[in-house]
Structure formats: structure tokens, C-alpha cells
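Engineer: Starting off with a structure, shown below.
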Amino acid sequence: MQKLISINKNDFQLSRSEDYYIIDDIIENLMIDKVNTLFLQANACLDNEDFLEALKFYDLILNVDSKNISALIDKGTTLQILGKVKLAIQCFDEALDVSPHNIDALINKGSALHLSKKYLDAIDCYDLILNIDKKCSMALAYKGLSLAELGNLSEAIDYFKKALSIDKYFTLAQISKETAQNLLNLESKKL
């Protein structure tokens with residue numbers, strides 16, 4: 001007859017936890033490998049301008065990790081390229097639900113709102129970024145673009161100048177500043 005051995009509850013939990021940590025690490029590493037492979041495949045599709053196929057890979061990534069910020073942003077950007085701006089904004093919003101101060105998601109959402117001619121909403125996105133990082137040259141330049149669309153050329157020029165003071169090689173800011181200045185000069189000649 002076998003002797004019954006009492007098991008200390010703490011010993012059981014310690015042993016169980018160590019096993020679970022090992023299994024969790026293995027599963028997490030497998031997920032990371034799968035996600036990395038899917039990102040590589042999506043990038044290859046983008047390189048070949050096969051945007052619809054890239055979307056499939058982003059969806060597969062999101063099936064594995066529904067809160068993957070990079071996949072949400074990349075999917076949104078791809079949707080924006082395809083002209084599906086409302087769906088793109090939804091992706092950026094999902095990314096912002098996970099990470100409310102994510103500058104990439106805010107920049108892309110602002111850009112999509114700008115494309116939708118929602119300039120004030122786009123400016124709100126850029127202002128959120130500038131509250132996080134006052135020296136974000138892209139947010140400054142994009143805010144300038146939205147201000148210019150609203151007819152605020154002088155203020156837009158100020159934002160282009162701020163962007164250029166941070167990054168003197170920022171072509172978009174330079175061209176936009178020159179264009180806005182030319183438009184402003186034309187307006188003043190008409191008066």
C-alpha cells in the first residue's frame with residue numbers, strides 16, 4: 001500500500017507558476033515570430049504596390065494580436081492609400097484607444113482628416129501632438145497645411161517656419177511656405 005504524501009499548497013503553486021511562465025514565454029515567442037513574419041510579408045506586398053494583399057496580412061496580425069499598434073497604423077495608412085479614408089481613420093482611432101498619445105497614429109489620423117477636408121479636426125490632432133512634443137516638425141508643417149486650407153496663410157507660414165527651424169531640410173515645409181507666401185503676395189497685390 002502506498003503512503004499518502006501531503007502536498008503543501010504553496011509548493012504546488014510555485015511549481016505550477018514556473019511551468020506556466022515557461023509555457024507563456026514559449027507561446028509569446030511563437031506569437032512574436034509569427035507576427036514578424038506577417039509584417040515581412042505585408043512589407044513585401046507594399047514594395048510591390050499590392051495594397052489589398054498587404055491588408056490581408058495586417059488582418060492576420062490583428063487576429064494574433066488585436067492591439068498591435070504598428071499593424072493598426074500600417075493598415076490605416078494602406079487603407080488611406082486605397083482611398084478608404086473613413087476606414088483608415090477607424091484604424092487610427094483603434095490604435096489611439098490602445099495608446100492615446102501615439103504620435104504616429106495622431107499624425108496619420110490628422111492627415112486622413114485633412115484629406116476628408118476636416119481641417120479643424122486635423123488641427124486638433126496636430127495640437128495634441130504638439131502638447132506631447134513641441135518640436136514635432138511634421139505636426140507643425142501639417143498644421144500649417146490645414147491652416148492654409150482654411151485661408152489662414154499668414155499663420156500657416158508661421159507654422160512652416162517653425163517646422164523649418166527644427167528641420168531645415170523638410171521639403172514639404174519649404175515648398176508649402178513658398179507656396180503660401182506666393183499666394184499671400186498675390187492677395188496683397190489684388191488689394
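Values in this text are rule-based calculations from the coordinates and carry no lab data. Bear in mind the structure is a predicted one, so any value in this text is a computation, not a measurement. FYI the Cβ positions are ideal-geometry reconstructions off the backbone, even for glycines, and counts take in every protein chain you see.
Engineer: Looking at (1) closer than 16 Å to residue 37 by Cα; (2) in contact with a helix residue (DSSP H, G or I) (Cβ under 7 Å, 6 or more places away or on another chain); (3) surrounded by fewer than 23 Cβ atoms within 10 Å (Cβ to Cβ), which one does residue 51 not meet, given that it meets all the others?
Structural biologist: (1)
Engineer: Ok, one more. Report the residue count in the stretch 147-165 for those that are surrounded by fewer than 15 Cβ atoms within 10 Å (Cβ to Cβ), farther than 14 Å from residue 135 by Cα and small (Gly, Ala, Ser).
Structural biologist: Qualifying residue count, the stretch 147-165: 2.
Engineer: Okay, next question. Please work out which one of (1) within 24 Å of residue 168 (Cβ to Cβ); (2) touching a Lys or Arg at 6+ places or on another chain (Cβ under 7 Å); (3) β-branched (Val, Ile, Thr) is the condition residue 98 fails and give its number.
Structural biologist: Only one criterion in (1) within 24 Å of residue 168 (Cβ to Cβ); (2) touching a Lys or Arg at 6+ places or on another chain (Cβ under 7 Å); (3) β-branched (Val, Ile, Thr) is unmet by residue 98, namely (1).
Engineer: Then there's this: Could you tell me which residue of the stretch 166-188 is surrounded by the most Cβ atoms within 10 Å (Cβ to Cβ), considering only residues that are within 13 Å of residue 140 (Cα to Cα) and among the small types (Gly, Ala, Ser)?
Structural biologist: Among those residues, the one meeting the criterion is 173.
Engineer: Tell me which residues, restricted to the stretch 61-104, are within 22 Å of residue 118 (Cβ to Cβ), free of Cβ contacts under 8 Å to residues at least 24 places away in the same chain and surrounded by fewer than 23 Cβ atoms within 10 Å (Cβ to Cβ).
Structural biologist: If the condition is that a residue be within 22 Å of residue 118 (Cβ to Cβ), free of Cβ contacts under 8 Å to residues at least 24 places away in the same chain and surrounded by fewer than 23 Cβ atoms within 10 Å (Cβ to Cβ), then 83, 84, 87, 90, 93, 94, 96, 97, 100 are the ones that fit.
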